[in-house]
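Trainee: This is the structure I have questions about; it appears just below.
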Amino acid sequence: MIYKRSSALFAEAQKYIPGGVNSPVRAFKAVGGDPIFVKKAKGAYLFDEDGNRLIDYIASWGPLLLGHAYEPVINAVINKAKDGTSFGMPTEIETELAKLAVSMVPNIDKIRFVNSGTEACMSAVRLARGYTKKDKIIKFAGCYHGHSDSFLIQAGSGAVTFGSPNSPGVTQGTAKDTLLAKYNDLQSVRELVAANQGEIATIIIEPVAGNMGCIVPTDTFIKGLREICTQEGILLLFDEVMTGFRLAQGGAQEVLGIHADILCFGKVIGGGLPVGAFAASSKIMAHLAPEGPVYQAGTLSGNPLAMAAGLAMLKELKERPEIFESLAKKTAYLHEGFDAVLKIKSVPYQINRFGSMISVHFTDTPVIDFETSATGNNDYFKRYFHGMLDKGVYLPPSAFESYFLNDALSYEDLDKTIEALDSLDL
Ligand SMILES: *Cc1c(COP(=O)(O)O)cnc(C)c1O
C-alpha cells in the first residue's frame, strides 16, 4: 500500500504539533514508520488520505462499539448541534444519560460527567481521598488511568517502597502517595496495605486490563481485592473507562460478579465524543461539589453534543444487549483463527482475550501482568503490525494495547484478517 499523502501530512503536522500528533501512541514510535492520516470511516473500515481501505481493530481505542459513523449517533449529534453547542447551564439530556447509565450499571446511584477518562480517574481519586480522609492510593504496574500526575508513577526500588515519577514534571511529592502493586498478585497488595495501615484511600484498577495488552484478572485476585478493601475500609475503584459498556451493560462488574465502590467511565459512554464519567452510591457522591466539599468542575462537562452521542449509543446497547454476546463470539472466532495460523509458524506467542478485547504477545511466557507483557518480542510485533497493515488490517501500533472489536465487523472481515496473518512471514 502507498502512504504518500499520509507521510506528507505527518511532515507538515510535525512543524506545528509536538511529534505531529495530539496523543503519543498515534505516532507509531513503537512500530516505526509514519502514522496513517484518516480521511473518514464507516462501519468497520477506515479510509485513509491515500485512498486505502483498512479493517479497523481499534475503533478509536474503544468508543466505537457499534462501528464508525453509526447513523443513530451521527443523527443525534447533528440534530442537537442545530440547537446550540454549549450553554454552561443545565440541560435535560444530561439527566437522561445519567438515568440511563445508572439503570445499566448494577450498583451506582449517581454519576458526574466530565470530558475524558483522565479527568474521570483524577476526579474519582480526589473523591475517594476526600471521602476517606486518607492520602495514599494503590495502583497496579501496567494499568493506565489517564495522564494525571498521580498515575504517571512507576515502581520504586523495593516492593514495599512508594513509587517514583515516570515522567519529568511529576513531583516526588505526588509520587510518594502512589503505591505500586503487581497485577494478579494479591500478596503484593497485602504487603502494601500492611506497610501503610490506615493510610490508603483507594485501590484503583482496570478490572480487565487493556493497557498492557489484554490481561484477565484471576478470580482469586479480583475477589481478594474486594475482601481486602472491605476489611481495611479502602474504597475499591474500578477504572471501567475501557470495559464499561463494552464487556456488558454493567461492564466488568457484571461479568466478574464483583462490585466496586467507585466506577470510572469513558470511551463507549461518549459514543465517540469526548465524555468521561465517574459514579458511585449516593452516600459517596454526596461528598462532591456542590452537594459536598470535594471540588470538581468543567466548562464543557455534560456538553449537549457529547451527551446526545452517548445517549444514542447507550440506548442502542440497552435495547440490543445481544450485541455483547455477538462481539464476544466474533472475538473468539478471531482468536481461534489466529491460534490456528500462529501454531504452524515458528514464533512464540500468547493470545489473551476477554469479551471483545484481545491481544497477541510474541512470547513463550503466559502474560498475566506488566512484567510478563514486557517479555513480548518487539521485532516480531513490528513485522506483524506492518505486515497486517500492508494487507489492509489496522491493529494498535503498540504491543501494549488491546484490540477492540466493533459490531460492524463481519465474519468476512475476520476471515480476511486471519488470511492476512496466514500470509505473513514473521
Ligand atoms: C483510555 C483510558 C483512560 C484515559 O481516558 P482518556 O479519555 O484517554 O483520558 C483511563 N483509563 C483507562 C482504563 C483507559 O483505557
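The values are calculated or read from the model by the stated rules, or taken from the named source; none is laboratory data. The structure displayed is predicted, hence computed values, not measured ones. Glycine also receives a Cβ, built like all others from the backbone with ideal geometry; neighbour counts cover every protein chain displayed. Accessible surface is based on the protein model in full, side chains and every heavy atom, while ligands, DNA and RNA are left aside. Shrake-Rupley method; radii C 1.70, N 1.55, O 1.52, S 1.80 Å.
Trainee: Of all residues being assigned to a strand (DSSP E or B) and over 17 Å from Thr331 (Cα atoms) in the stretch 46-69, which is farthest from the ligand (Cβ to nearest atom)? Just the residue, please. Let's see the steps before the verdict.
Mentor: Narrowing the stretch 46-69 to residues assigned to a strand (DSSP E or B): 46-48, 53-56, 68.
Filter once more, keeping what is over 17 Å from Thr331 (Cα atoms): 46-48, 53-54, 68.
Numbers: Leu46: 19, Phe47: 24, Asp48: 22, Arg53: 26, Leu54: 21, His68: 18 Å.
So, considering only residues that are assigned to a strand (DSSP E or B) and over 17 Å from Thr331 (Cα atoms), the one farthest from the ligand (Cβ to nearest atom) is Arg53.
Trainee: Moving on to the next point. Please count how many residues of the stretch 380-426 are among the polar types (S, T, N, Q) and buried (at least 20 other Cβ atoms within 10 Å of the Cβ).
Mentor: Going through the stretch 380-426 one residue at a time, the tally reaches 3.
Trainee: A further question on this structure: Only one residue in Phe113, Phe87, Phe140, Phe151 is within 19 Å of Gly302 (Cα to Cα), within 16 Å of the ligand (Cβ to nearest atom) and of a type in the set (A, V, I, L, M, F, W, C). Which one?
Mentor: Of Phe113, Phe87, Phe140, Phe151, the one residue that is within 19 Å of Gly302 (Cα to Cα), within 16 Å of the ligand (Cβ to nearest atom) and of a type in the set (A, V, I, L, M, F, W, C) is Phe113.
Trainee: So, in the stretch 1-26, how many residues would count as being at pLDDT 95 or above, closer than 20 Å to Val393 by Cβ and buried (at least 19 other Cβ atoms within 10 Å of the Cβ)?
Mentor: Number of matching residues: 1.
Trainee: For Leu273, which of the numbered conditions (1) within 17 Å of the chain's Cα centre (by Cα); (2) open to solvent by less than 10 Å² (accessible area, probe 1.4 Å) fails to hold?
Mentor: Tallying (1) within 17 Å of the chain's Cα centre (by Cα); (2) open to solvent by less than 10 Å² (accessible area, probe 1.4 Å), Leu273 fails exactly one: (2).
Trainee: A further question follows. When you look at Lys110, is it under 23 Å from Thr243 (Cβ atoms) and either surrounded by fewer than 13 Cβ atoms within 10 Å (Cβ to Cβ) or in contact (Cβ under 8 Å) with a residue 60 or more places away in the chain (or both), yes or no?
Mentor: Spelling it out, Lys110 is indeed under 23 Å from Thr243 (Cβ atoms) and either surrounded by fewer than 13 Cβ atoms within 10 Å (Cβ to Cβ) or in contact (Cβ under 8 Å) with a residue 60 or more places away in the chain (or both).
Trainee: Additional query: Scan Ala312, Ala332, Ala308 and give me the residue that is in contact with a helix residue (DSSP H, G or I) (Cβ under 7 Å, 6 or more places away or on another chain), open to solvent by 10 Å² or more (accessible area, probe 1.4 Å), modelled with pLDDT of 95 or more and assigned to a helix (DSSP H, G or I). Steps first, answer last, please.
Mentor: Values: Ala332 fails: in contact with a helix residue (DSSP H, G or I) (Cβ under 7 Å, 6 or more places away or on another chain); Ala308 fails: open to solvent by 10 Å² or more (accessible area, probe 1.4 Å).
Of the residues listed, the single one that is in contact with a helix residue (DSSP H, G or I) (Cβ under 7 Å, 6 or more places away or on another chain), open to solvent by 10 Å² or more (accessible area, probe 1.4 Å), modelled with pLDDT of 95 or more and assigned to a helix (DSSP H, G or I) is Ala312.
Trainee: If I filter the stretch 90-102 for residues that are touching a Pro at 6+ places or on another chain (Cβ under 9 Å), part of a loop (DSSP other than H, G, I, E, B) and within 30 Å of Ser6 (Cα to Cα), do I get at least one hit?
Mentor: Pass one, the stretch 90-102, residues touching a Pro at 6+ places or on another chain (Cβ under 9 Å): 91, 93-94.
Filter again for part of a loop (DSSP other than H, G, I, E, B), leaving 91.
Next, from what is left, pick out any that are within 30 Å of Ser6 (Cα to Cα): none.
No, the stretch 90-102 contains no residue that is touching a Pro at 6+ places or on another chain (Cβ under 9 Å), part of a loop (DSSP other than H, G, I, E, B) and within 30 Å of Ser6 (Cα to Cα).
Trainee: Next up: Among the listed residues Pro165, Pro207, identify the single one that is within 16 Å of the ligand (Cβ to nearest atom) and not polar (S, T, N, Q).
Mentor: Every option except Pro207 fails the conditions.
Trainee: If a residue has to be farther than 14 Å from Gly210 by Cα and assigned to a strand (DSSP E or B) to count, how many in the stretch 389-426 make the cut?
Mentor: Residues that pass the stated criteria total 2.
Trainee: Name the single residue, out of those in the stretch 179-204 being away from the ligand (no atom under 15 Å from the Cβ) and assigned to a loop (DSSP other than H, G, I, E, B), that is nearest to Gly142 (Cα to Cα).
Mentor: Lys182
Trainee: Moving to a separate point now. Return only the number of the condition from (1) open to solvent by less than 20 Å² (accessible area, probe 1.4 Å); (2) in the same structural domain as Leu127 (by TED's automatic domain parsing); (3) part of a helix (DSSP H, G or I) that Leu327 does not satisfy.
Mentor: Of (1) open to solvent by less than 20 Å² (accessible area, probe 1.4 Å); (2) in the same structural domain as Leu127 (by TED's automatic domain parsing); (3) part of a helix (DSSP H, G or I), only one is false for Leu327: (2).
Trainee: Then there is this: Within the stretch 336-376, how many residues are basic (Lys, Arg) and either in the same structural domain as Val189 (by TED's automatic domain parsing) or not in a helix (DSSP H, G or I) (or both)?
Mentor: Going through the stretch 336-376, the residues basic (Lys, Arg) turn out to be 343, 345, 353.
Then drop every residue that is not either in the same structural domain as Val189 (by TED's automatic domain parsing) or not in a helix (DSSP H, G or I) (or both), which leaves 345, 353.
Qualifying residue count, the stretch 336-376: 2.
Trainee: Out of Thr85, Thr91, I need the residue that is open to solvent by less than 40 Å² (accessible area, probe 1.4 Å), on the phi < 0 side of the Ramachandran plot and not assigned by TED's automatic domain parsing to the domain that holds Asn377. Which one?
Mentor: Thr91 is the lone residue from the list that is open to solvent by less than 40 Å² (accessible area, probe 1.4 Å), on the phi < 0 side of the Ramachandran plot and not assigned by TED's automatic domain parsing to the domain that holds Asn377.
Trainee: Separate question: Go through Gly310, Gly298 for me and flag whichever is in contact with a Gly (Cβ under 6 Å, 6 or more places away or on another chain) and within 16 Å of the ligand (Cβ to nearest atom).
Mentor: Details: Gly298 fails: in contact with a Gly (Cβ under 6 Å, 6 or more places away or on another chain).
The match here is Gly310.
Trainee: Just one of the numbered conditions (1) assigned to a helix (DSSP H, G or I); (2) more than 23 Å from the chain's Cα centre (by Cα); (3) among the charged types (D, E, K, R); (4) within 21 Å of Met285 (Cα to Cα) is not true of Arg126; which one?
Mentor: Just one mismatch for Arg126, condition (2).
Trainee: Mind listing whichever residues of the stretch 210-249 are hydroxyl-bearing (Ser, Thr, Tyr) and within 16 Å of the ligand (Cβ to nearest atom)?
Mentor: Passing the criteria: only Thr243.
Trainee: Quick one: count up the residues across the stretch 250-267 that are over 16 Å from the mean Cα position of the chain (by Cα), more than 16 Å from the ligand (Cβ to nearest atom) and not in a helix (DSSP H, G or I).
Mentor: The total comes to 4.
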